[in-house]
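The values are calculated or read from the model by the stated rules, or taken from the named source; none is laboratory data. Predicted model only: the values in this text are computed from it and were never measured. Counting neighbours? That spans all protein chains shown, and the Cβs are built from the backbone with ideal geometry, glycine included. Ligands, DNA and RNA are stripped out before the accessible areas are found, and what is left, the full protein with its side chains, is counted by its heavy atoms. Shrake-Rupley method; radii C 1.70, N 1.55, O 1.52, S 1.80 Å.
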Amino acid sequence: MKTVINDLFDYENLKIYQSIEGFKFSLDSILLAEYVNLNKKVNNILDLCTGNAVVPLILSTKTKAHIDAFEIQESIFNLAKNSITYNKLDSQITVYNSSIKEIDMYVKSLKYDIITCNPPYFKVTNNSNINIHEEKAIARHEILITLDDIFKIASNHLNDSGKFYLVHRVERLDEIIILSRKYNLGVKNIELIKTKKNRKPSILLVCCVKNSKLGVKIGNIINIQNLSTYQKLFKEDI
């Protein structure tokens, strides 16, 4: 696999390995990392479906907390590992080449203060338009992991009152709410993102809190068209 080292958008001094023809990180990962609310009480973070580790890399600029990350595809895991090493973050970020369904093999008894996830967005149905490139297909469709799996794992590995941050498609909000209640991860905040002024929101950011009381805050719709930076895009303390 041919790779290239790119700047990680406008995050000063961060570089990231990417495949020239295969997997590349999306804007959604940057939005997710910016959405996470961090404070000095956060000691450990878990990033599920990490891809080439965009979320852990960005979070490392905002916290000293240790970050574990899981990526099932070996080729993409190698990109993540190389990026972490290149940025001299091996002591802060640990990435595992494993399915998150097997997380207990690595961190069985560990509970996290924060869990993040940019998962595959699309269900696999008879009408699914699945990419012929296997690497991209697995990243985009629920071939190896489902949203139900992700909520279950997040619930099992969060501390009480721990926060689960998810980026997804707007059309799956109803399912996200149902799963949040099923696994005692109450939705506390929702942010809606649109990529162009005249379009409806297409990206959804959700913060869930384990064993939380009822009550949801919904932010104003954010238009990200032509933004030069996504830093400090979300200001409300969740």
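Run the numbers for Ile218 and Lys88: contour at 0.36 nm per residue of separation, minus the present Cα-Cα distance, in nm.
Value of the extension gain: 43.1 nm.
Compute the projected area of the convex hull of the Cα atoms of the chain, averaged over all viewing directions, and report it in nm² to one decimal place.
The directionally averaged projection comes out at 12.8 nm².
Given the options Asn220, Asn78, Asn211, which has the most mean-square fluctuation in a GNM of the chain, springs set between C-alpha atoms less than 10 angstrom apart?
Asn220
What do you reckon, how do Ser98, Ser109 stack up by accessible area (1.4 Å probe), largest on top?
Ranking Ser98, Ser109 by accessible area, largest first, yields Ser109, Ser98.
Could you check the simple spin-label distance between Ser161 and Lys15, using points 7 Å along Cα→Cβ, in nm with one decimal?
My value for the distance between the label points is 4.2 nm.
Treating the stretch 1-56 as a set of equal point scatterers at the Cα positions, no solvent, please give the Debye-formula log₁₀ I(q)/I(0) at q = 0.19, 0.31 Å⁻¹.
Debye intensities relative to I(0), on a log10 scale: -0.76, -1.37.
May I ask you to give the solvent-accessible area per residue for the stretch 3-62, in square angstrom, as obtained with a 1.4 angstrom probe?
That works out to 41 Å² per residue.
Between the DSSP loop rule and a limit of at most 13 other Cβ atoms within 10 Å, which trypsin sites (Lys or Arg not before Pro) in the stretch 1-102 are left?
Counting only loop positions with at most 13 other Cβ atoms within 10 Å, the trypsin sites (Lys or Arg not before Pro) in the stretch 1-102 are Lys2, Lys40, Lys41, Lys64, Lys88.
Where the convex hull is taken over the Cα atoms of the stretch 180-225, what is its projected area averaged over directions, in nm²?
Averaged projected area of the stretch 180-225's Cα convex hull equals 3.3 nm².
For Leu27 and Ser98, what does the FRET efficiency come to when R0 = 41 Å and r is the distance between their Cβ atoms, rounded to the nearest 0.05?
0.95
For the stretch 134-238, which GluC sites (Glu not before Pro) are in a loop by DSSP, counting at most 16 other Cβ atoms within 10 Å?
Answer in residue order: Glu236.
Evaluate 2.2 N^0.38 Å with N set to the residue count of the stretch 27-129, then give the Cα radius of gyration divided by it.
Its radius of gyration relative to the 2.2 N^0.38 Å reference: 1.08.
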